[in-house]
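Okay, structure first, notes after.
None of the figures in this text is laboratory data; all of them are computed from the coordinates on show. In this text, all values refer to a predicted model and were calculated from it rather than measured experimentally. Counting neighbours? That spans all protein chains shown, and the Cβs are built from the backbone with ideal geometry, glycine included.
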Amino acid sequence: MKPLVLMRGGGDIASGCVYRLRRAGFRVVINELPIPTMIRRKVCYGAAVHRGEVLLERLAARHVTLTEAESMITRGDEIIPVVTEAYETVLAALQPDIVVDAILAKRNVGTHNDDASLVIACGPGFTAGDDVDVVVETMRGHTLGRCIYEGSALPNTGVPGSVGGYTIERVMHAPCDGLFTAKRHIGEEVEADETIGFVDDVPVKSQIAGILRGVLASGLMVTKGFKLADVDARCEKFHCYTISDKALAVAGGVLEAVLAFCYEQEQK
């Protein structure tokens, strides 16, 4: 039987990792927050927390209780369980062989290298050989998706990677604290200076023309500077509904680390 992988996070990068691991035959459980705040919701298995069940790239994920997830694992269900109990509770109940932290918090929020036989982390905030076993690079460029066995990923620059020739211009943030309400939807084209939503009564406007690749769900409270939406100037609608090149690159690194670990175990 393939090892059990516990995925911390159900956002777009984590979902790319889940997709590649599941397609390679690994059993995967996603641990997401009770109120997820991902913006690329159409390409996130973690969106099952809001929607009950999602289908992405031929794989389905369902929001279930931890007890239901245990039963699904035992039965060998094809549907990917998404649980929202505390990480420590999930870890103790499932005792996974492998943990992948793909929260992308830019810092370690409670993952330790003794949580499982193999612990992988995506992006900055971790040190391979210290708090985790392997770090996978998440910054766009030559090292994207590379496995790091000693040291850390490149530090967070605070500047989004270039997509369609735009970096900071393509991302919208909350102008103030308040309740977010979306007025435009993922997959819709927007113009520069067009209002895509409001934080309370303060408009949130796109700086560029393009297609709305991601937007936070309405009805969530946000703080000033919180990421709300992402506009893609390339205007390829299918990009909104399929796992991205970046997510698949990071997922390739995660899958490499997992397969290398499995091979090493077989040689013992």
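Going by average Cβ neighbours within 10 Å, how do the peptides 190-199, 224-233 rank, with the highest at the top? Could you put the intermediate results ahead of the total?
Values: 190-199: 16.5, 224-233: 19.3.
Result, highest mean first: 224-233, 190-199.
How much net charge surrounds PHE198 when only the other residues with a Cβ under 12 Å from the Cβ of PHE198 are counted, with Lys and Arg +1 and Asp and Glu -1?
Values: positive: LYS183, ARG184, LYS205; negative: ASP200, ASP201.
In short, +1.
Compare the Cα positions of ALA93, TYR241, SER152 along the charge dipole of the chain (+1 at Cβ of Lys, Arg; -1 at Cβ of Asp, Glu; about the Cα centre) and return the one farthest towards the positive end.
The one lying farthest along the dipole's positive direction is TYR241.
Could you tell me what fraction of 2.2 N^0.38 Å the Cα radius of gyration of region 49-113 comes to, as a two-decimal ratio? Don't skip to the answer; put the middle values down first.
Values: Rg = 12.9 Å, N = 65, 2.2 N^0.38 = 10.7 Å.
In units of the 2.2 N^0.38 Å rule of thumb, it is 1.20.
Give me the percent relative contact order of the chain, please, defined on Cα pairs under 8 angstrom at least 6 residues apart.
Working: 640 pairs, mean separation 51.2, N = 268.
Here the relative contact order equals 19 percent.
Take the alpha-carbon positions of the chain, form their convex hull, and give its projected area averaged over all directions (one quarter of the hull surface) in nm².
Details: hull surface 54.3 nm².
Taking the Cα atoms of the chain, their convex hull projects to 13.6 nm² on average.
In what sequence do ARG146, ARG20 fall when counting other Cβ within 10 Å, fewest first?
The fewest-first ordering by Cβ neighbours comes to ARG146, ARG20.
Would you list, by chain and number, the lysines whose Cα falls below 24 Å from the Cα of LYS106, excluding same-chain residues fewer than 8 positions away?
Reachable lysines: LYS42, LYS224, LYS227, LYS246.
Rounded to the nearest 500 deg cm²/dmol, what is the calculated helix-only ellipticity per residue at 222 nm for the chain, with -39500 (n - 2.57) per DSSP H run of length n ≥ 4? Show your work: numbers first, answer last.
Details: 5 runs with 57 residues, N = 268.
My calculation for the chain gives -6500 deg cm²/dmol from helical runs alone.
Out of all DSSP beta bridges in the chain, what portion is antiparallel? Express it as a percent rounded to 5.
Around 55 percent of the beta bridges assigned by DSSP in the chain are antiparallel ones.
Would you work out the charge dipole size for the chain about its Cα centre, treating the Cβ of every Lys and Arg as +1 and the Cβ of every Asp and Glu as -1, and quote it to the nearest 20 debye?
Numbers: 28 positive and 35 negative charges, 121 e Å.
Dipole magnitude for the chain comes out near 580 debye.
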